[in-house]
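> Below is one structure. I have some questions about it.
The values are calculated or read from the model by the stated rules, or taken from the named source; none is laboratory data. If you're wondering where the values come from, they're calculated on a predicted model, not measured in any experiment. Here the Cβ positions follow ideal geometry from the backbone for every residue, glycine too, while neighbour counts run over all protein chains shown.
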Amino acid sequence: MRIAELSRLSGVPPATIKYYVREGLLPSGVRTHRNQAEYSDDHVSRLRLIRALLDIGGLSIEVAKELLAVLDSGSLSARDSLGHVQYALGGRRSPVGDEQREAAAEDVAALLDRRGWRIHEHSPARGTLVDVCAALRLLGHTDVVAAMDDYAGASEAIAATDIALVGNEPGLERMTETAIVGTILGDTLLSALRRLAQEHLSSTLLPPQDATSPASGEV
């Protein structure tokens, strides 16, 4: 197919397709003439994956390129691919002081010890969790920090589902893609599900707003 047909099937403008090729996210088409190239269904699938990572997953071009390079290498195990995803995503910079961050690091270390999780000291996700706990401490929400064991238990069950989905794929390439897509889009999926569950449960577990309270606009 020509680039116009590829654009129609994928919903991606031709100029954007050419940009993805230049950036190394999308393989070039087979050159047929000086200014023409032929593309295949594989290009359609790849474009859909790229758009999902960028638009739904919120990845930058550079991070998407790094993860797609992992997929294209075909030489990494699914476990190593998951590691690449974690480290490619990086961590957040802490906006708090050393005192709060040190206490938060102790919170996280204690949590990992209680759960028996074997986590590398320089894991980006570990650093992000420390930053979040530090910010919660600074804001006076130590109750949320204290609830981390409950969150960790739910997260471990989710991770078990993630690993099972990867392990059930028939080949290395599909396992690698599932590891990447399941982590990136899975984060967005879980965030949406959490908000839906909050909306559902809040109607029964939280008291209704008192119509005579100051918050209602009446005095």
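> Taking the range 33-54 on its own, how many of its residues are of a type outside the set (Gly, Ala, Ser), in a helix (DSSP H, G or I) and surrounded by 13 or more Cβ atoms within 10 Å (Cβ to Cβ)?
Number satisfying all stated conditions: 10.
> Now a separate question. Would you pick out the residues in the range 129-146 that are surrounded by 12 or more Cβ atoms within 10 Å (Cβ to Cβ) and either on the phi > 0 side of the Ramachandran plot or not in a helix (DSSP H, G or I) (or both)?
Within the range 129-146, just HIS141 meets the criteria.
> So ARG48 clears everything in (1) within 16 Å of LEU67 (Cα to Cα); (2) touching a strand residue (DSSP E or B) at 6+ places or on another chain (Cβ under 8 Å); (3) among the charged types (D, E, K, R) except one condition, right? Which one?
(2)
> Additional query: Of all residues in the range 158-179, count the ones that are without any contact (Cβ under 8 Å) to a residue 12 or more places away in the chain and either under 17 Å from the mean Cα position of the chain (by Cα) or under 12 Å from ARG115 (Cβ atoms) (or both).
Here the count works out to 4.
> I would also like to ask the following. What are the pairs, 6+ residues apart or on separate chains, where a residue within the range 4-28 that is under 18 Å from GLU62 (Cα atoms) has its Cβ under 6 Å from a residue that is at pLDDT below 95 and in a loop (DSSP other than H, G, I, E, B)?
Short answer, once both residue conditions are applied: TYR20/LEU26; VAL21/SER28.
> Can you tell me which residues in the range 105-128 are hydrophobic (A, V, I, L, M, F, W, C), at pLDDT below 95 and outside any loop (DSSP other than H, G, I, E, B)?
Listed by number, the residues that qualify are ALA105, ALA125.
> If you don't mind, there's one more thing I want to ask. I need the full set of residues from the range 180-192 which are without any contact (Cβ under 8 Å) to a residue 40 or more places away in the chain and either surrounded by fewer than 11 Cβ atoms within 10 Å (Cβ to Cβ) or charged (D, E, K, R) (or both), in order please.
Correct list: SER191, ALA192.
> From the list VAL12, VAL30, VAL63, pick out the single residue that is surrounded by 17 or more Cβ atoms within 10 Å (Cβ to Cβ) and farther than 30 Å from GLY167 by Cβ.
VAL12
> Looking only at residues that are surrounded by 16 or more Cβ atoms within 10 Å (Cβ to Cβ) and either in a loop (DSSP other than H, G, I, E, B) or acidic (Asp, Glu) (or both) in the range 66-104, which one is modelled with the highest pLDDT?
Here the residue is GLU66.
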